[in-house]
Amino acid sequence: MPKQFWKGSTLLAPVPAALVTCGTLEEPNVLTIGWTGIVCTRPPMTYISVRPERYSHDIIKNSGEFVINLTTSSMCRETDLCGVKSGKDTDKFALCGFHAVPAKNVSAPLIEECPVSLECRVTESKLLGSHTMFLAEIVGIAADEKYIDSKGKLNLQQCGLMAYAHGEYFALGRKLGDFGYSVRKKKKNHKKQ
Ligand SMILES: Cc1cc2nc3c(=O)[nH]c(=O)nc-3n(C[C@H](O)[C@H](O)[C@H](O)COP(=O)(O)O)c2cc1C
């Protein structure tokens with residue numbers, strides 16, 4: 001099949017559609033962020049890229065803190081709403097029925113309804129062009145106990161995570177494998193005769 005070659009763009013997919021919280025427990029704000037990812041394992045580091053005109057931009061710049069809350073299919077509509085309404089004139093927590101709860105390591109609150117939240121402290125910010133990239137250390141994780149089994153394993157598959165690809169939202173589907181499964185030796189099946 002012949003390929004079409006286009007000019008460079010942001011077409012990396014899927015990416016998360018994360019709900020990023022900032023501000024304080026008393027005055028929280030939340031915006032949807034697609035431009036995020038992990039950039040280092042030790043120390044655990046992430047980034048979010050935010051346009052300077054967003055209400056959240058200066059809150060994050062001044063506080064140096066934010067929380068990345070993972071989103072689920074059941075909150076798809078609210079995730080979209082938080083990406084089209086501004087905290088400048090809307091209380092998005094009230095609009096979406098979200099509850100702001102305290103984080104452990106930062107003043108920015110968590111969203112109680114989200115299964116996993118990454119508490120982040122900004123280490124560097126860089127205006128790249130349209131967006132400011134906030135590079136941050138992930139200083140703590142808050143995970144909903146209902147997804148942690150008796151062995152302490154977090155079962156993300158049960159959360160119903162969602163993803164964003166080329167302007168559209170998708171529910172994550174069935175599990176296809178796990179890290180390293182392609183080279184792992186199969187366990188022998190010891191059947192009793
Ligand atoms: C799926 C989706 C992803 C988005 N990703 C980003 C992003 O990565 N960076 C950004 O600055 N805005 C992004 N936006 C737009 C902001 O979420 C939106 O402008 C929001 O209203 C800003 O809220 P605020 O003014 O309360 O800060 C995204 C919106 C949607 C719907």
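Values in this text are rule-based calculations from the coordinates and carry no lab data. Not measured: the values here are computed from a predicted model. Here the Cβ is made from the backbone with ideal geometry for all residues, glycine too, and neighbour counts use every protein chain on show.
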Query raised in the report: How large is ³J(HN,Hα) for each residue in the range 164-179, as worked out from phi by the Karplus curve 6.51 cos²θ - 1.76 cosθ + 1.60 (θ = phi - 60°), to whole Hz, x for Gly and Pro?
Result: 10, 9, 6, x, 10, 9, 9, 7, 5, x, 6, 5, 9, x, 9, 3
Requested in this report: Check cross-link reach from LYS85 to the aspartates and glutamates: straight Cα distance under 17 Å, and skip same-chain residues fewer than eight apart.
Outcome: GLU27, GLU53, ASP58
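Taking the alpha carbon gyration tensor of the chain, what are the square roots of 5 times its eigenvalues, largest first, to the nearest whole Å?
Details: eigenvalues 192, 102, 60 Å².
Result for the chain: semi-axes of 31, 23, 17 Å.
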Requested in this report: Sort out for me the Cα centre separation of the range 132-193 from the range 1-29, rounded to whole Å.
Outcome: 20
Query raised in the report: Using the per-residue mean of other Cβ atoms lying within 10 Å as a proxy for protection, in what order, highest first, do the peptides 96-102, 124-130 fall?
Result: 96-102, 124-130
Query - Selected from GLN157, SER182, LEU172, residue furthest toward positive end of dipole (the range 111-193; charges at beta carbon) - result: SER182
Report task. For every helix of n ≥ 4 consecutive DSSP H residues, a contribution of -39,500 (n - 2.57) applies; sum these over the chain, divide by its total residues, and give [θ] at 222 nm rounded to the nearest 500 deg cm²/dmol. Result -> -2500 deg cm²/dmol
Query - Spatially proximal aspartates and glutamates relative to LYS151 (Cα-Cα < 20 Å; intrachain offsets below 8 disregarded) - result: ASP178
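Using 0.36 nm per residue, how much length does the chain from VAL39 to LEU176 gain when fully extended, once their Cα-Cα distance is taken away? Kindly include the intermediate steps, with their values, before the conclusion.
Numbers: separation 137, 0.36 × 137 = 49.32 nm, distance 2.45 nm.
Length gained, VAL39 through LEU176: 46.9 nm.
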Query raised in the report: So what's the gap between the Cα centers of the range 35-59 and the range 65-98, to the nearest angstrom?
Result: 17
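Measure up LYS88/LYS153; LYS153/LYS187; LYS3/LYS186; LYS126/LYS146; LYS3/LYS126; LYS61/LYS92 against 31 Å on the Cα-Cα distance and list the ones that go over. Please list the in-between numbers first.
On the way: LYS88/LYS153 39 Å; LYS153/LYS187 21 Å; LYS3/LYS186 39 Å; LYS126/LYS146 38 Å; LYS3/LYS126 35 Å; LYS61/LYS92 20 Å.
Flagged as over cut-off: LYS88/LYS153; LYS3/LYS186; LYS126/LYS146; LYS3/LYS126.
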Query - Under-5 Å amide H pairs with GLU65, H placed in peptide plane, nonlocal only - result: VAL122
